[in-house]
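Student: Okay, here's the structure, questions in a sec.
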Amino acid sequence: MRIAGLLLAGGRSSRMAPRNKLLETVGGEPMVRRVAATAIVNGVQPVIVVTGHQAAAVTAALRGLAITIVANSDYANGLSTSLRAGLRTLPAGIDGALVMLGDMPEVETSVLTALLAAFTGANAICVPVRHGRRGNPVLWGRAYFAEMLQLTGDSGAKPLMARHETHLIEVEVATDSIFEDVDALEDLARLKRFGATN
């Protein structure tokens, strides 16, 4: 089965302004590059990165990686616009899309491997779970792409999970990295203090 990666990297980093959190260094490289590289290592193909805020700088941080970059001019209207822009770029024949967030640099390759292994086809929604709590990234089968294209506002596809609960595949993982995003300077300081691992 063909699984694409959709890395959403268009946000305004409003809680860290004027700094763009996706360009902050984590583990020796820009945060957004670290996330993209994790997808590539796991064999997800193609990896589509949706940019928006400071698109040129984010694109520069990704230079040399085997990815496709899509500029979302509508990024100011929320996360859903980047998700839609990425979905519209998917090539024909894709069975599922692994939706990743650019501000989650600690997500481990083992998480992606587990999600890919659990995927059963177009109707599956694979979500990582730790101690009963769901996290990110999420692997969506193509059966949901049409509904995802109808989403609006500053939220992702999480509302669709409740609608399709019977098709959810919860994948137990042994890491809290599925919850740990970087929103504020204190989150970034924690990463730098303890060192990000992958």
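The values are calculated or read from the model by the stated rules, or taken from the named source; none is laboratory data. Remember, predicted model here, so these are calculated numbers, not experimental data. Glycine gets a Cβ as well: all are built from the backbone with ideal geometry, and neighbour counts include every protein chain shown.
Student: Is it the case that some residue within the range 161-171 is within 15 Å of the chain's Cα centre (by Cα) and modelled with pLDDT of 95 or more?
Tutor: Step one: of the range 161-171, the residues within 15 Å of the chain's Cα centre (by Cα) are none.
No.
Student: Could you check how many residues of the range 88-119 are in contact with a strand residue (DSSP E or B) (Cβ under 8 Å, 6 or more places away or on another chain), more than 18 Å from Leu160 (Cα to Cα) and of a type in the set (Val, Ile, Thr)?
Tutor: Number of matching residues: 4.
Student: Could you tell me whether the range 57-65 includes any residue that is of a type in the set (Val, Ile, Thr) and assigned to a strand (DSSP E or B)?
Tutor: Initially, the range 57-65 is screened for residues of a type in the set (Val, Ile, Thr), giving 58-59.
Keeping just the survivors that are assigned to a strand (DSSP E or B) gives none.
No, every residue in the range 57-65 fails to be of a type in the set (Val, Ile, Thr) and assigned to a strand (DSSP E or B).
Student: Now a separate question. Hey, which of the strands (runs of 3 or more DSSP E) in the range 81-149, taking only ones fully inside, have at least 2 residues that are crowded, with 22+ Cβ neighbours inside 10 Å and touching a residue at least 60 places away in the same chain (Cβ under 8 Å)?
Tutor: Passing ranges, in order: 96-101.
Student: Now a separate question. Can you find a residue in the range 31-44 that is farther than 23 Å from Met148 by Cα, in contact with a Lys or Arg (Cβ under 6 Å, 6 or more places away or on another chain) and free of Cβ contacts under 8 Å to residues at least 40 places away in the same chain?
Tutor: Within the range 31-44, not a single residue is farther than 23 Å from Met148 by Cα, in contact with a Lys or Arg (Cβ under 6 Å, 6 or more places away or on another chain) and free of Cβ contacts under 8 Å to residues at least 40 places away in the same chain.
Student: Still on this model: Would you say Val58 is crowded, with 22+ Cβ neighbours inside 10 Å and under 14 Å from the mean Cα position of the chain (by Cα)? Quick ask: steps written out before the conclusion?
Tutor: Numbers: crowded, with 22+ Cβ neighbours inside 10 Å: yes; under 14 Å from the mean Cα position of the chain (by Cα): no.
Answer is no for this residue.
Student: Could you grab me the full set of residues in the range 1-42 that are outside any helix (DSSP H, G or I), at pLDDT below 95, within 22 Å of Ala117 (Cβ to Cβ) and within 15 Å of the chain's Cα centre (by Cα)?
Tutor: Asn42
Student: Would you pick out the residues in the range 66-80 that are in contact (Cβ under 8 Å) with a residue 24 or more places away in the chain, out of contact with any helix residue (DSSP H, G or I) (no Cβ under 8 Å at 6 or more places or on another chain) and either hydroxyl-bearing (Ser, Thr, Tyr) or not in a loop (DSSP other than H, G, I, E, B) (or both)? It would help to see each step written out before you state the result.
Tutor: Of the range 66-80, the ones in contact (Cβ under 8 Å) with a residue 24 or more places away in the chain are 66-67, 72, 75-80.
This time we only want the ones that are out of contact with any helix residue (DSSP H, G or I) (no Cβ under 8 Å at 6 or more places or on another chain), so: 76-80.
Residues satisfying the conditions are Ala76, Asn77, Leu79, Ser80.
Student: Another question, then. For Gly52, all conditions in the list (1) without any contact (Cβ under 8 Å) to a residue 60 or more places away in the chain; (2) farther than 19 Å from Ser155 by Cβ hold save one; what is the number of the exception?
Tutor: Against the list (1) without any contact (Cβ under 8 Å) to a residue 60 or more places away in the chain; (2) farther than 19 Å from Ser155 by Cβ, Gly52 comes up short only on (2).
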